[in-house]
Each structure stands twice: as structure tokens, then as C-alpha cells.
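Quick notes on the structure that follows.
Every number here is computed from the coordinates shown, using simple stated rules; none is lab data. Fair warning: this is a prediction, and the values are worked out from it, not measured in the lab. When we count neighbours, we look across all protein chains shown, and the Cβ atoms used for this are built from the backbone with ideal geometry, even at glycine.
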Amino acid sequence: MDIIEKIVSNFKNNKSLYIGENVTIAEHMIQSAMMAEKSKSKDNLICSCLLHDYGHFILDDPDELVRNNQDGRHEDIGYEYLKKFFKKEVVEPIKHHVIAKRYLARDKKYYKRLSEASVISLKLQGGLLNSKEAKVFEKEEFFKDAIKLRKFDEAAKKTGVKIKDIIQYKDLLKASLR
Ligand SMILES: [Fe+2]
């Protein structure tokens, strides 16, 4: 099976809820991609959104990790896998979407908007960045896209939203291959 077919089938078969939220991981990723589209983002960023939590599909049991107070580093697992197939512009923001949360959450207003589950995972992911770490992160090549991805990510946990079918993103996925 080629990678696009594999991704489509993973999305279609995913029934597990996104940890601590009321949407599935697949719905959550599609919702974030739809938000990126609505904001007229570049195709690369839309594709980043669509695949940003793909690491959760690879991890054995993401819920079990949270129950045991462990962080599965899904951003690295997704990145290491996807970089074999997708462009740098697509996978780099994925790699940095967790550190982007640790960066953004330094702002009190942003922190208050985090869901309960997101506050718990923030702790497991290392908590807020200190100012030195924040400055280093700002110099990352894909800093801006990682921040944008993170904001779409945070907002994409709504229930009762009409969600596109993964099939509708097949062409975008194909065009994002390296
Ligand atoms: Fe996410």
C-alpha cells in the first residue's frame, strides 16, 4: 500500500477519541486543516495541520501513556515517520508543534484558552519554555508556521462541526510528497 492510501485508511479506521477531548484524532486533524484553509494558508501548512498528530496513530496506546503520566513525544514519532515521504515545509512545523505550545502558553491569555487535557499534557511535555529557550525557538526556520499550526490545533477540538472526508485531501497529500 502506498503512503497516501495508508494515511487515508488510518484516518478512516480511527475511532479513538483525541486524548481527553470529544473529537477523534482524525476529526481533530481534519478540523485543524479546515481552519488553515479558511485562513487562506499555504498548501504546505494545510498539509502540516492535516498530519500534525499522525504520531498518535503510530504510538501503541496514547491514552495509556497519559494515564501513566508519560509523554509519548508524538511530534517526534510523527516527524520521523512522515519526513521519509513529505516535504520539509510540511514536516518541520509538525516536529515543532509541541514546543510552539510551550512557547505560546507563556502568555496568560493563551494559557487560559487551553483545554483541560492540554494543560495536563503541557506539564508532561516539559511545561513553559524559559526566556532563553524561547529565544532559541524564535530562530527556528519554521517558527512562524509552527506557531500558526499550534493555534489551529488548539482551536480544532469543537464538536458538532461538519468535518470534511479525508478523501477530499488526497490531491493535497499527493502534491505535498517530496
Ligand atoms: Fe493536535
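Just to verify a number: FRET efficiency for ASP165 and ARG67, C-beta to C-beta distance, R0 = 41 Å, to 0.05? Walk me through the intermediate numbers first.
Numbers: r = 32 Å, r/R0 = 0.77.
Calculated value: 0.85.
Cross-link list LYS38/LYS158; LYS15/LYS139; LYS112/LYS135; LYS6/LYS135: which exceed 26 angstrom alpha carbon to alpha carbon? In this structure, LYS15/LYS139; LYS6/LYS135 exceed 26 Å between Cα atoms. Each of ALA100, PHE86, ASN68 was scored by the projection of its Cα onto the charge dipole of region 21-111, and the greatest displacement toward the positive side belongs to ALA100; charges sit on the C-beta of Lys, Arg, Asp and Glu. In plain terms, the chain from ASP43 to ASP76 could stretch by 9.7 nm, reckoned as 0.36 nm per residue minus the Cα-Cα distance. Rounded to whole numbers, the Karplus 3J(HN,Hα) couplings from phi for region 170-178 are 4, 5, 4, 4, 4, 6, 9, 5, 7 Hz, using 6.51 cos²θ - 1.76 cosθ + 1.60 with θ = phi - 60°, and x at Gly and Pro. In the chain, Cα pairs under 8 Å separated by at least six residues give a relative contact order of 32 percent.
Treat every Asp and Glu Cβ in the chain as -1 and every Lys and Arg Cβ as +1, leave all other atoms uncharged, and give the resulting dipole magnitude about the Cα centre to the nearest 20 debye.
On the way: 35 positive and 28 negative charges, 152 e Å.
Using only the charged Cβ atoms, the result is roughly 740 debye.
With n ≥ 4 as the cut-off for DSSP H runs, can you work out [θ] at 222 nm for the chain, using -39500 (n - 2.57) per run divided by the number of residues, rounded to the nearest 500? Intermediate values should be presented prior to the final figure.
Working: 13 runs with 112 residues, N = 178.
Estimated from H runs of four or more residues: -17500 deg cm²/dmol.
When you count, for each residue, the other Cβ atoms within 10 Å and take the mean per peptide, how do 64-71, 76-83, 148-155 rank with the highest first? Display every interim value, and only then the final one.
Details: 64-71: 12.6, 76-83: 18.1, 148-155: 21.1.
Order by mean packing, descending: 148-155, 76-83, 64-71.
About the centre of its Cα atoms, region 58-118 shows a dipole size close to 540 debye [charges on the beta carbon of Lys, Arg (+1) and Asp, Glu (-1) only; nearest 20 debye]. I'd like the distance separating the alpha-carbon centroids of region 36-62 and region 104-177, in whole Å. After rounding, the separation between the Cα centres reads 10 Å.
Give me the one-decimal Kirkwood hydrodynamic radius in Å for region 3-175, with the sum taken over alpha-carbon pairs. Working shown, then result.
Numbers: mean 1/r = 0.0621 Å⁻¹.
After inverting the pairwise mean of 1/r, the radius is 16.1 Å.
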